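The values are calculated or read from the model by the stated rules, or taken from the named source; none is laboratory data. From a predicted model like this one, the values you see are computed outputs, not experimental measurements. In this analysis, Cβ positions are derived from the backbone assuming ideal geometry, glycine residues included, and neighbour counts consider all displayed protein chains. Note: areas computed on protein heavy atoms with side chains; ligands, DNA, RNA excluded. Shrake-Rupley method; radii C 1.70, N 1.55, O 1.52, S 1.80 Å.
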Amino acid sequence: EMKKKQKIITIVYLANTRLPTEKAHGVQIAKMCEAFADLGSRVQLLVPRRIQSNPKLRRININNYYRVKKNFTIEKVFAIDLLPLERWWRGVGNWAFLILEVTFAVTANALTFFRSKDFIFSRSKAASVVSILLGQPTVFESHETAKDRWVNRLVASKAKRVIAITKPIQRSWEALGVKTIYAPDGVSEEFFRFVPKKEARR
């Protein structure tokens, strides 16, 4: 008896971040996409087209920088990036981030609305909210506890799942009535050189 061909899951990952970035969340996003693809999923990572504030990262390939396979696609989409103005005007930071967050959420969702996919995955709450409002199947990865606010209640009532990286985060979302999955951050061994204990101490 022939086995039925397994359906390939298509995941659109929306990440409002500058890639590559020297910050840790860039590693987590890239490795998540690689891991989803390793499991057999078709993964599309969408990030905003931003001004690269770190000169050392301007011409670096994202896959090479994060040591991930080229088993998922990366697409940079339009977003209004005013964050570089912080160098001259400190007060612009919060407004600049809000504008970036909203424009990326709208643009990324507009681009993916008519694409074939199984669900949207994001750690950006704004991107997840726009996905939900457009009726797209959405999985939100939460990195902070959920307070009882309208935006969290909306995510809790409409998201397919909330991924919680800690137990307290999981409990806070479950209190709002959403189905959760506890998935703590891990570590990839290729980032480390394993040596004998004596050498490591030295």
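Given the structure, is PHE113 of a type in the set (A, V, I, L, M, F, W, C), open to solvent by 10 Å² or more (accessible area, probe 1.4 Å) and either within 30 Å of ARG49 (Cβ to Cβ) or touching a Cys at 6+ places or on another chain (Cβ under 8 Å) (or both)? When the stated conditions are applied, PHE113 passes them. Annotation: of all residues in region 49-105 being β-branched (Val, Ile, Thr) and in a helix (DSSP H, G or I), the one that is modelled with the lowest pLDDT is VAL92.
Residue count for region 156-165 satisfying the condition of being without any contact (Cβ under 8 Å) to a residue 24 or more places away in the chain and open to solvent by 50 Å² or more (accessible area, probe 1.4 Å): 2. Considered as a group, the residues in region 77-96 that are under 21 Å from LEU111 (Cα atoms) and without any contact (Cβ under 8 Å) to a residue 40 or more places away in the chain include one that is least open to solvent (accessible area, probe 1.4 Å), and that residue is VAL77. Candidates in region 176-202 are the residues that are in contact (Cβ under 8 Å) with a residue 24 or more places away in the chain and farther than 26 Å from ALA156 by Cβ; of these, the one that is nearest to the chain's Cα centre (by Cα) is SER188. Residues in region 84-120 that are among the acidic types (Asp, Glu) and over 18 Å from the mean Cα position of the chain (by Cα): GLU86 only. Residues of region 106-127 that are part of a helix (DSSP H, G or I) and among the charged types (D, E, K, R): LYS125 alone.
Restricting attention to region 18-35, the residues that are open to solvent by 10 Å² or more (accessible area, probe 1.4 Å) and part of a loop (DSSP other than H, G, I, E, B) total 3.
Residues that are in contact with a Phe, Trp or Tyr (Cβ under 9 Å, 6 or more places away or on another chain) and not hydrophobic (A, V, I, L, M, F, W, C) within region 116-130 comprise SER122, ARG123, SER124, LYS125, SER128, listed in sequence order. In region 142-156 there is at least one residue matching the filter, namely being of a type in the set (Lys, Arg) and either in a loop (DSSP other than H, G, I, E, B) or closer than 25 Å to ALA30 by Cα (or both).
Residues considered: ILE132, ILE120, ILE169. Of these, the only one that is in contact with a strand residue (DSSP E or B) (Cβ under 6 Å, 6 or more places away or on another chain), open to solvent by less than 80 Å² (accessible area, probe 1.4 Å) and closer than 14 Å to ILE181 by Cβ is ILE169.
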